[in-house]
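Working notes, structure below.
The values are calculated or read from the model by the stated rules, or taken from the named source; none is laboratory data. Everything numeric here is computed off the predicted structure, so don't read it as measured data. Every residue, glycine as well, gets a Cβ built from its backbone with ideal geometry; the counts of neighbours run over all protein chains shown.
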Amino acid sequence: MIAFIKGRVAFMSPTMVVIETSGGVGYEAQISLYTFQKIKDEENVRLLTHLSIKEDSHTIFGFFDEGERSLFRNLISVNGVGPSTARMILSSLTPGDLNHAILTGDITLLKAVKGIGPKTAQRLVLELQDKVKKGESTGIEMHTAGSGTQSTARQEAISALLMLGFNRANVEKVVKKVVDDAKGDIEVEQIIKIALKNL
């Protein structure tokens with residue numbers, strides 16, 4: 001099992017990072033928007049990891065902190081929630097918001113995440129409430145930071161949403177509306193979070 005990866009950032013997008021280790025090996029790790037926001041300005045990073053093994057693929061998921069990795073592992077323990085859905089949840093809600101939604105039984109907030117229906121939202125609350133109560137709640141909030149020009153933010157948001165498996169035509173339409181509605185500068189993380197609620 002790979003516990004963490006430490007090295008230089010060779011490539012990064014809002015959904016994926018390639019970390020080159022001192023041995024010259026580049027590891028690709030799938031990341032959430034929360035982790036992207038935390039590491040996007042860093043040249044060297046240390047990500048905690050979870051290795052997902054399927055019949056036809058081995059995928060590394062990277063996390064900024066133990067709180068997020070623990071939540072990810074709790075999420076994938078729920079029937080009907082795979083690693084990709086867990087990453088989608090962690091990209092739509094901060095770890096603090098997710099913990100709060102589970103503890104308070106906020107089914108409406110959980111259903112707002114793409115791919116989470118009423119039954120899955122109820123399962124998340126029922127199966128994870130005790131685990132979240134026993135563990136420490138990660139009260140980490142998303143903070144925005146500058147991410148360059150508006151067109152760059154728009155393109156990064158479109159790329160990230162396409163990597164998550166959404167249809168290009170729908171993505172471009174929704175992202176355009178989000179940016180137009182913002183009437184000014186908007187960060188890539190904000191574009192993606194709002195778009196995820198409308199796709």
Among (1) outside any loop (DSSP other than H, G, I, E, B); (2) surrounded by 17 or more Cβ atoms within 10 Å (Cβ to Cβ), the one test that Phe11 misses: (2)
Boolean, Asp97 is touching a helix residue (DSSP H, G or I) at 6+ places or on another chain (Cβ under 9 Å), over 15 Å from Leu128 (Cβ atoms) and of a type in the set (Asp, Glu): no
Unmet criterion (only one of (1) modelled with pLDDT of 85 or more; (2) surrounded by fewer than 20 Cβ atoms within 10 Å (Cβ to Cβ); (3) closer than 21 Å to Pro14 by Cα) for Val125: (3)
Condition met for Phe36 (part of a strand (DSSP E or B) and not hydroxyl-bearing (Ser, Thr, Tyr)): no
Within segment 53-76, considering residues that are at pLDDT below 95 and of a type in the set (Ser, Thr, Tyr), the one nearest to Leu98 (Cα to Cα): Ser70
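Going through Ser22, Ser32, Ser57, Ser13 one at a time, which residue ends up being of a type in the set (Ser, Thr, Tyr) and over 25 Å from Leu196 (Cβ atoms)?
Exactly one residue qualifies, and that residue is Ser22.
Given the condition assigned to a loop (DSSP other than H, G, I, E, B) and in contact (Cβ under 8 Å) with a residue 24 or more places away in the chain, answer yes or no: does some residue in segment 49-63 qualify?
No: segment 49-63 contains no residue that is assigned to a loop (DSSP other than H, G, I, E, B) and in contact (Cβ under 8 Å) with a residue 24 or more places away in the chain.
With acidic (Asp, Glu) and surrounded by 22 or more Cβ atoms within 10 Å (Cβ to Cβ) as the only criterion, which of Glu68, Glu20, Glu42 stands out?
After applying the criteria, what remains is Glu68.
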